[in-house]
Structure formats: C-alpha cells, structure tokens
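*Asks:* The structure's right below; bear with me while I get my questions together.
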Amino acid sequence: QAIGYQLPKDFLWGAAAAAHQLEGAWNFDGKGVSIADVMRLGDKNHPRVIDSKVEKGQIYPNHWGIDFYHTFAEDITLFHQLGLTCFRTSIAWTRIFPNGDEAEPNEAGLAFYDRLFTRLRENGIEPIVTLSHFEMPLHLVQVYGGWRNRKLIDFFTHFAATVIQRFHHQVKYWLTFNEINNQTNYQDPHPLFQNSGLQLTVDENSRQQMFQAAHYEMVASAKVVQLAHAIDQQVQVGAMLNMSPIYPDSDDPATVMAAQRAMQTRFYYGDVQCLGIYPHWLLLDWQHANYQMDITEDDYRQLQAGRVDYLGFSYYMSFATHSLTDPLFTYNEQNNLVDNPNLEKSDWGWQIDPLGLRYAMNWMFDRWHLPQFIVENGFGAIDQVDYQGKIHDRGRINYLRRHILAMEQAVTLDGVPLLGYCPWSVIDLVSASTGEMSKRYGFIYVDQDNLGRGSKQRLKKDSFYWYQTVIHSGGRLV
Ligand code: BG6
C-alpha cells in the first residue's frame, strides 16, 4: 500500500553533485589546479594518495569526472525527464580564480556557469550552488598553507562576491562550505585536506589547527551571508553540515554523556553558523588544552551578523560511541566509534539508518530553529547492467524509500520545516572518499570504469523511474 504525507507545494525535489566529481575538463578554459586534481584513485582499503602536484603517470579520476563540462546540455535533458525541480552543484573556485589570489576573475569560467545555470532554468530546474566543495585552489595550499591562514578569508569572500554578483538572478540558494564538520576527524589527513587544504607535519597540533582553520572558514561564511544579502535581499545562504548522529551504545550514563559530547563536538559548527556563538564547553576545552586561538572581537561580531538563512545538510548514516572515563569526554572520531548491531551496512561499511534522519532533523531543529534542506542522501553501491541494458538497483530504491519516509514524517508529524530534498546523486560520478567510479550513487548510470574507460553512455536505472514517480506524485511512496 502506498504511504504518503503532504509536503509543502513548493517543496524542491532535486538531486546533488559537485563540480570536481562530474565536470572533468580539469585544465580547460583557464581552470587552475584544485586540491581534487592531486588526489589519486583509491578504494575502500587504500586511501587516496595526496600528491603535492600533478605527477606524470598517476591516476587522478577528477581530471575527467564524467565529462559533464562537455555533456551538461544533454545530461540536463535527462534531469528534466526525471522531473527534478532543483539541482545542487558547486562552482569550481579554480575555474573563476585559477590560483585563488587573483584580483580579476577568469571570464571563461564565469561563462561556463552562465551556460549551465541558464540551461537548468530553461528546463525548470532551480540551481542550488555550493561555493566550496572539496576543490579549493592548490596554489592557496602551497603558498598560504590553506585555511590556517587568515588571508584565505579575503580570497574566499572575493570569489563569493564575484559569483553571487554575477549569478544572483539565476541562483537563489547558496551554500558556503560543504560538510564543514568532516574535519572533526582531524586524525585523518583526508578531511583536513579536503575541507581546509591543511597538510600538517607530525609536530603540529592537528586538533588546534583544525579548530583555527574552521574558525576562519566560519568567519568567511558569515561575511558571505552579509555580502550576499547586500547584493540581493532574495538570496538565501546556508551552512552545510555532514549530519551523522552519534548514539550511545548503551544506557550507561558515561556512554550517554560521551554521546552528548560527541554530538556537541561534531556539530558545534552549527552553533557558530546558525546562532553566531561558540558553545561554552568548547571555549573551556580550548583553555584546558592551552590553545592560543586567533579569534578577534570583530570575528565575533561577524559571526553574529552573518548567521545563515537555512541549514543544509547531508545524511548517509549514523554512528555510535562507547563510554569514556576522561572528565572532558573528549571526542576522538578514530577511537570512540563502534558498530551498531541494530543496523545493516552498505558494501563500503556505511551504517544504514533511516530513522536516524528523522532523529537528526528533530535534534537540529530543536537546537538551531532554522529551515532545513537535505542536500545529500544516498546509497553508494556496485550496479550491474544486464544483457538488455537495464540496471535493477533495488538496494538504492529501498534505501531512498525508507529515508524519504523518515523525512516526510519529520516534516508532517514533527513539524520540521524543510525546503527540499536532494539525493546524492542524479548521475554516477567520481566518489569523493575513494575516487572510484564503481561506488555508484546515480539514478543515471554512466558507462565508465575507475580508470575513465568506457563509452560514457548514459542509461536510466530502475531508480530513475521510481524517483520520477515519487516526484510526480509529490512524495507518495510506492
Ligand atoms: C559527501 C560529499 O561526503 O558524500 C560528497 O559531500 C560525496 O562529495 C558523498 O561524494 C558520498 O561520499 P563518497 O565518498 O562515497 O563519494
């Protein structure tokens, strides 16, 4: 039997992607080298090697993506057939400012996004745009040390002002930093590099550097909110968090407290971006740790004045933590997390938890009281094309159906305001964590392997027809 809940009439049904994962054309039309361009192909057991420059003979899957730079017009026709009313992508900073510190933008880069947004709008699709999605200019890493440097605030706001000024008539919804809180896992070099362009030596304090880089990013984000509103009152600027709620793995109070501190730690960015404040526990934590943070009085004013208009977030899975004995309950993402025996996992070990989405939406709304936008949610899996050219991706449909139901219940039973839903992704693309093509997420299959070989032909999966029906019926689940 069909289950359905009434969503708002103007609810945006979309799908999401990011420039570096689909555009390819890494060195076309004046584009500079981004941090994604020096990340090699990896897999779930072999983390992507990060090079300091593009090395001859190495495999860099983001160099080709799925060639969307050249195929976007035909791909958007498929997006339109799917019924999307919005499409989230990012503007590659390096197409506009190849090194990141130039005064004048690269007109060819701006012209590309002009064509892209125009085409989307002609097809009735609202573009939702991320300003920084794991693709900052490599030059800013090499010369300035990435986001550990306060100068990055000016470079980023200059980039943001340039594109918002140019595209505010075409783009109403913007997001500043994709999954800004991934770097809470500062023990892993990948999130530090992808979020902030940080490459640290062993004698540097990576936890402190992470907090400092994130602070500069959040000041930059707050400035972008203000400049965007000055350009156009209609423009809405959102934060973007990776929401993986962290449960206690038992009812032992020391575990419940550990889970609370883990949530406070992984999501304090939301307190700063949505409320314009740093939580007390964190300021005290920095005192205990003796961190000399560079946070000025003006920074605090900017954070307060530049609170975001809405909260974008991705949701793929939930985590669980064991108990801790340390009186500060310091969260350590590498050591504290445990498997949750109640949940199944994807082939890449991601714990599948639809109800966690509803739990998380409630938790965030109680805390930050802002409209939400689910800008990523999806299921990475190996897909097989059968002899008739069909792809029966039941696992993906099953995952999405259960998550959409949880989302609809959060809206209609719990009253959480939600602007839209963008599963990841509309089309198969290069995985951010592994660089693989074989970890597929799309409604549209792309005939291409991990090495970029294949016809690049696009095929509609079963999930394409299923999601088309969901959109068409306004969220009725069959
Ligand atoms: C999010 C990112 O972490 O999850 C995307 O914002 C990414 O860029 C998506 O692709 C899925 O992760 P992965 O590593 O499987 O591609």
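*Asks:* Hey, rough spin-label estimate for R121 and Q388, points 7 angstrom out along Cα→Cβ, what's it come to in nanometres?
*Replies:* 4.2
*Asks:* Treating only the Cα positions of the stretch 99-241 as identical point scatterers, give the base-10 log of I(q)/I(0) from the Debye formula at each q in 0.13 Å⁻¹.
*Replies:* -0.58
*Asks:* In the structure displayed, which of K56/K460; K151/K456; K53/K460; K31/K172; K44/K456 lie more than 31 Å apart, Cα to Cα?
*Replies:* Details: K56/K460 35 Å; K151/K456 41 Å; K53/K460 37 Å; K31/K172 25 Å; K44/K456 24 Å.
Over 31 Å Cα-Cα: K56/K460; K151/K456; K53/K460.
*Asks:* Name the residue from F177, P248, I444 whose Cα lies farthest towards the positive end of the charge dipole of the stretch 12-472, charges +1 on Cβ of Lys and Arg and -1 on Cβ of Asp and Glu.
*Replies:* Positive-most Cα among the choices belongs to I444.
*Asks:* Okay, next question. Can you give the % of DSSP beta bridges in the chain that are antiparallel, to the nearest 5?
*Replies:* Details: 12 of 45 bridges.
About 25 percent, rounded to the nearest 5.
*Asks:* Name the long-range amide H neighbours of I128: under 5 Å, sequence gap of 5 or more, or other chain; modelled H, no Pro or chain starts.
*Replies:* F87, R88, T89
*Asks:* For every helix of n ≥ 4 consecutive DSSP H residues, a contribution of -39,500 (n - 2.57) applies; sum these over the chain, divide by its total residues, and give [θ] at 222 nm rounded to the nearest 500 deg cm²/dmol. Don't skip to the answer; put the middle values down first.
*Replies:* Details: 14 runs with 175 residues, N = 478.
Helix contribution divided over all residues of the chain: -11500 deg cm²/dmol.
*Asks:* Let me understand the stretch 177-268 better: what is its radius of gyration from the alpha carbons, and its Dmax, in angstrom?
*Replies:* So, for the stretch 177-268, Rg and Dmax equal 16.2, 52 Å respectively.
*Asks:* Another question, if that's okay. What's log10 of I(q)/I(0) for the stretch 12-472 at q = 0.14 Å⁻¹, Debye sum over Cα points only, no solvent?
*Replies:* Debye output, listed in q order: -1.50.
*Asks:* Continuing with the same structure: In percent, what relative contact order does the stretch 12-472 have, based on Cα pairs under 8 Å that are 6 or more apart in sequence?
*Replies:* 17
*Asks:* Starting from the Cα of K439, draw a straight line to each of the aspartates and glutamates and keep only those under 12 Å, dropping any in the same chain fewer than 8 residues away.
*Replies:* D43, D347, D383, D428, D449
*Asks:* Placing +1 at every Lys and Arg Cβ and -1 at every Asp and Glu Cβ, with all other atoms neutral, what dipole size does the chain have around its Cα centre, in debye to the nearest 20?
*Replies:* 920
*Asks:* Determine the distance separating the Cα centre of the stretch 439-456 from the Cα centre of the stretch 152-197; give it in Å without decimals.
*Replies:* 27
*Asks:* Just from the alpha-carbon atoms, what are the Rg and Dmax of the stretch 252-311 in angstroms?
*Replies:* My reading of the Cα-based Rg and Dmax gives 13.5, 42 Å.
*Asks:* With labels modelled as points extended 7 Å from the Cα through the Cβ direction, what inter-label distance (nm, one decimal) is found for E104 paired with D326?
*Replies:* Each label point lies 7 Å from its Cα, and together they span 5.2 nm.
*Asks:* While we're looking at this one, here's another question. Considering all projection directions equally, how large on average is the shadow of the alpha-carbon convex hull of the stretch 228-386, in square nanometres? Provide the component values of the computation, followed by the final result.
*Replies:* Details: hull surface 52.1 nm².
Mean shadow area of the hull around the Cα atoms is 13.0 nm².
*Asks:* Please compute the modelled spin-label separation between L451 and D298, points set 7 Å along Cα→Cβ, answer in nm with one decimal.
*Replies:* With each label point 7 Å from Cα toward Cβ, the separation is 5.4 nm.
*Asks:* Per 5 Å bin, what is the whole-percent P(r) computed from every C-alpha pair distance within the stretch 362-445?
*Replies:* Taking every Cα pair in the stretch 362-445, the percentages come to 3, 13, 21, 19, 15, 12, 10, 4, 2, 1, 0.
*Asks:* Tell me, what ³J(HN,Hα) does each residue in the stretch 390-397 have, in order and in whole Hz, if you take phi through Karplus 6.51 cos²θ - 1.76 cosθ + 1.60 with θ = phi - 60° and put x for Gly and Pro?
*Replies:* These are the phi-based 3J(HN,Hα) values: 9, 10, 9, 8, 4, x, 5, 4 Hz.
Each reported figure results from applying straightforward, stated rules to the coordinates on display, with no laboratory input. What you see is a predicted model; the values in this text were computed from it and never measured. Note that each Cβ is placed from the backbone with ideal geometry, even for glycine, and that neighbours are counted across all protein chains shown.
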